[in-house]
Amino acid sequence: MKLRLYHHADGARIAYRQAGTGPGLVLLHSSGLSYREWEPVVEHLAHRFRLVLPDLPGHGDSEDRPRHPYTPDWLAEVIAGFCTETAGPHPLVAGHAGGAELLLRAVVNGQLAPARMVLMSNRLHASAQHPLSVKLGRMGARAAAIPGVDRAVSHLAPWLIRPKRGPRLSARGEPAASDLIRHAYADAPGNANRARTWAKIVRAWPRGAQPELLAAYPQLQMPVLLLWADSDRIHPLGPAEEALARLPRGQLRVLPDTGFLIAYDDPVGVARELSAFCGARG
C-alpha cells in the first residue's frame, strides 16, 4: 500500500494508506498503535470497499510536531477533515478504542456527519480503565513535557511497551501481534518531538466519565454499530449496552473469543460485520 498524505488547514499532516476499490471506508486505529492494526482485515474487505487506513496524529508516519495543541477537540477536528477529504462529506467510518473515541467526539461536536458509524470496543461515556502497565506508560508520557526529559522518555517507551505484550492483548494469543507493537514503537527511541507530543495528548485526554455523551446519543440519527469484543478487560460490555438503549438507530454485535486486538483475534468476523453494516442501504 502506497503512503499518501493529507494536509490539514493548520499544516498538520496525516499519513494514510489505501487498499481496494468501492465506497470509501475509513478505519481509525487505537491510540498507541498504527494503521497496521487493520492489516488482518484488509484482504477480507478490499474487494468491497476502498479502505482508507490513517495513522492518527502523533502515531506512525503522521504529524508529531509538538507545536499543535493535541487536545481531543483538535484531534477530532483533524480526523473529521481527513475523513471528509478522503471518503466524502458523509463517509463510512469505523474506529477502535482511542480512534473510536475521536470519531464519536467529532460526530457529537458536529464536525463530521458519517453515513454510517462503527464504534468498536472503547470506553464510550465511562471512565477510563487501564491496566498498570498502561498507567505507567501514561506517567512516563506526561513526564516528557519536562524540558530535558523528553529524549529519555522516547528511549523508555519501547522498554515499557514491549512486543511480547502484543499477544497478551489478544484473547487467542496471536503471535503476529508482537510485530504490531514492534512497528508502533520502532521509531520512538531518540524522537523527542514524538515524546513531547505524547505528553500533550496524555495530559489533555479525559480520564473521568463523560456523562455529556449519554445526553448526546439520542441526537445521533445515523445508523451506529457497536462492535464489541467479549474478552476485552479494558472495555467491558456495560457502557455499550447503556449507549445502545439511547441510540435511535443503534445495533450491538459481540464477537466471541476476542480481546482488545479484535481485528487480530477474528479478522473474518470483523470483516463480516463491517461488510454487512456498511454495505447495507437505508
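Taken together, the values in this text are just the output of simple stated rules run on the coordinates, not laboratory data. Just so we're clear, the structure is a prediction, and the values are computed from it rather than from any experiment. Using ideal geometry, Cβ is built from the backbone for each residue, glycine included, and neighbour counts are taken over all protein chains shown.
Computed values, structure above
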item	result
Neighbour count of at most 16 Cβ within 10 Å plus DSSP loop: longest trypsin sites (Lys or Arg not before Pro)-free window in the chain	68-163
Residues MET1, MET120, sorted so that the one with the fewest Cβ neighbours within 10 Å comes first	MET1, MET120
Rough spin-label spacing in nm, given labels placed 7 Å along Cα→Cβ, for GLU241 and ALA276	2.1 nm
Approximate spin-label separation VAL268-ALA9, in nm, with each point projected 7 Å along Cα-to-Cβ	4.6 nm
Contour excess over end-to-end distance, with Cα ends at ARG233 and ALA209 and 0.36 nm allotted per residue	6.9 nm
